[in-house]
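The block underneath contains the structure these notes are about, expressed in structure tokens.
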Amino acid sequence: MASVLSVLFAVLAALGNATGTVLQRIAARRVPPGDAFSVRLIPHLVHSAAWLGGIAVIVVAAACQALALTLGSMSLVQPILVSELPFTLVIACMVSRRRLPAAGWTAAAMIAAGLGLALAAASPYERHSYVAPGVWVLTLLTTGGVMTLCVLAALPRPRGMARAALFSSASAIGYALTATLMKFSTTTFEQHGFGAFLACWQTYGFVAAGACSLFLLANAMESGPLVASQPALTLGEALVSVALGMLVYGDQVRTGWWLVPEGIGAVMVTWGVLLLPRLKTEDQDTPAT
């Protein structure tokens, strides 16, 4: 029952994140190019009803994600967030009054079927909730270093696909780190109560990592089209999250012949994610409300 609820909350989190992403994209398109990756970006966003609405939805989605992580392993919850990509493109089409092509629905179905196949075959589970201090140091140094490299590579580039993908990749790593810290905090809350939740540094760490990731995502939205940033965000977050789940919490999956359906499911998901960006679904004439 816990696994079923974990999956349900993960799907709700993906839907909420997708809605928030579209709303942030609408707000980011109104930001002057010279204010990108600057504190001047913040006043533009906080005066946008679309951005504020997106933040509200993302907060609800974060609560759903926290519940999902409390009930299930990172290797179960985080890959489900890949479904955020088809959700995002469907919502973007609805907002811009465009019709998602038949190939788009095919790709979305492929992602859903691939996720179901891969997760059912893998049957991921968590081995432990204790994390050694050295593991936390390694996790923070690795994720922080790669995020920094992505940002440094993005800054000199002009607005476009590459800049958006690099900022989005940095944001994906940040969100994976956020989930890793959040899982520890929510588990602490469940086992030891609210006081212990407030006392552990991971609680403040996931808030800081989430805020940083949100800022990077806003820059990704401002830097290029949605179809450039969203695949890097969804696939990147899932892959890094699974890796962190194995490193930090010892997550394990079934091996042996189970690797065959797991591989087929992963290929289906990747194929669907790579197919969707080729569709002309970008909200170029989405009302910037």
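The values are calculated or read from the model by the stated rules, or taken from the named source; none is laboratory data. All values derive from a computational prediction rather than experimental measurement. Using ideal geometry, Cβ is built from the backbone for each residue, glycine included, and neighbour counts are taken over all protein chains shown. To get the accessible areas, we keep the full protein, side chains included, count just its heavy atoms, and leave off ligands, DNA and RNA. Shrake-Rupley method; radii C 1.70, N 1.55, O 1.52, S 1.80 Å.
Considering the stretch 76-95, and only residues there that are open to solvent by 10 Å² or more (accessible area, probe 1.4 Å), in contact (Cβ under 8 Å) with a residue 60 or more places away in the chain and not β-branched (Val, Ile, Thr), the residue that is nearest to ILE173 (Cα to Cα) turns out to be PRO79.
Of the numbered criteria (1) out of contact with any Phe, Trp or Tyr (no Cβ under 9 Å at 6 or more places or on another chain); (2) of a type in the set (A, V, I, L, M, F, W, C); (3) under 25 Å from ALA13 (Cβ atoms), the one VAL90 fails is (1).
A quick yes/no check of all residues on (1) at pLDDT 85 or above; (2) out of contact with any strand residue (DSSP E or B) (no Cβ under 6 Å at 6 or more places or on another chain); (3) more than 20 Å from LEU152 (Cα to Cα):
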site	(1), (2), (3)
SER185	yes, yes, yes
PHE197	yes, yes, yes
ALA209	yes, yes, no
ALA220	yes, yes, no
ALA232	no, yes, no
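Restricting the stretch 239-258 to residues that are of a type outside the set (Gly, Ala, Ser) and in a loop (DSSP other than H, G, I, E, B), the residue that is surrounded by the most Cβ atoms within 10 Å (Cβ to Cβ) is ASP251. Only residues that are surrounded by fewer than 18 Cβ atoms within 10 Å (Cβ to Cβ) and of a type in the set (A, V, I, L, M) were counted in the stretch 195-238, giving 6. Name the single residue, out of those in the stretch 1-55 being open to solvent by 20 Å² or more (accessible area, probe 1.4 Å) and modelled with pLDDT of 90 or more, that is nearest to LEU214 (Cα to Cα). For the stretch 1-55, the residue satisfying everything is THR19.
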